């Protein structure tokens, strides 16, 4: 029977080198891993898969988080950031979700998050907003952006 | 010339030829002759077609999942049992011309992905793993690995590995999956 291409002729030395490389690769992973904890870990586990590390999202499917603190300028916008499915459905309790949103605001909209008028989310506030289901997140987002842009058609 | 005048050697030759022809006719019917001839011609025609047929079949049908790479030590990145693969559902890129952290040539890594954690048996810690899909070529078909630890139904999209995460890539065609360590999860 013919040998498979590349399947024969490996020396014990070659296997030893391969095994050493494997061990080195396995050892390098944990040693180089960065510790992630707190709200940042929640962002990585529950948000970053779609919104990406820099918050940039994906064109036409995942909104960017850059400057998303502008929603805080109106009460419905402040509620929207909690009621949007990615927030409201996250497997986090209200205190953890409040901490996560506050961390995200500092990370992706530092100018607004450091302004004197910035008021961080609190757990009780998140509880209140989360209790009101959002039937059409896209439509609500468009409406809020029209209001924020000064378009009167955005008002209900 | 009368028969009696035929030389004896020619008569022997005639009888031998006649006997040989009758023997051949008795042992070889037309049906069997046609059958054997047909088989020979058909076989000769089929031989050069076989590789072509396989190629066309391979290009039109998704390749079946092959069993290679499914067993192996949990420290081997090309094995389904590799610890980082605890929640993967897809073809291992290390079997498809790439590695557990890099896409094969001709494919593009989807930026949008799903992220979970796996316990590293070497130190017992939970590591954050990003299962980025590689997109742009048809299904790899090798080393299907479906472990699903921590996987959630599709109504929880950020935690579901059944979603085609190539949806936001330049090509939505799924090829294989990677398992990239983002960090180690620690208590705050």
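Please treat every number below as a calculation from the coordinates, not as lab data. The model shown is predicted, which means the values in this text are computed figures rather than measured ones. Cβ sites come from the backbone with ideal geometry, for glycine too, and all protein chains shown count toward neighbours.
Values for this structure:
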{"item": "Additional length obtainable on full extension of the chain from residue B:122 to residue B:164, 0.36 nm per residue less Cα span", "result": "12.0 nm"}
{"item": "Efficiency of FRET between residue A:132 and residue B:146 - r from beta-carbon atoms, R0 56 angstrom, step 0.05", "result": "0.90"}
{"item": "Debye-sum result for the stretch B:71-188 in log10 I(q)/I(0), which assumes one identical scatterer on each alpha carbon, at q = 0.18 Å⁻¹", "result": "-0.85"}
{"item": "Pairwise FRET efficiency - residue A:60 versus residue A:95, Cβ, R0 = 56 Å, nearest 0.05", "result": "0.95"}
{"item": "Averaged over B:165-172, number of beta-carbon atoms from partner chains that fall within 10 Å", "result": "2"}
{"item": "For the stretch A:38-149, fraction of C-alpha pairs farther apart than 23 Å, in %", "result": "20 percent"}
{"item": "Residue order, fewest to most beta carbons within 10 Å, for B:133, B:123, A:42", "result": "B:123, A:42, B:133"}
{"item": "Average beta carbon contacts from partner chains per residue of A:58-70, 10 Å cutoff", "result": "1"}
{"item": "Pair residue B:78, residue A:145: separation of 7 Å Cα→Cβ label points (nm)", "result": "4.7 nm"}
{"item": "Residue order, fewest to most surrounding Cβ atoms within 10 angstrom, among B:165, B:83, A:103", "result": "A:103, B:83, B:165"}
{"item": "Residues A:117, A:34, B:149, A:140, sorted so that the one with the fewest Cβ neighbours within 10 Å comes first", "result": "A:117, A:34, B:149, A:140"}
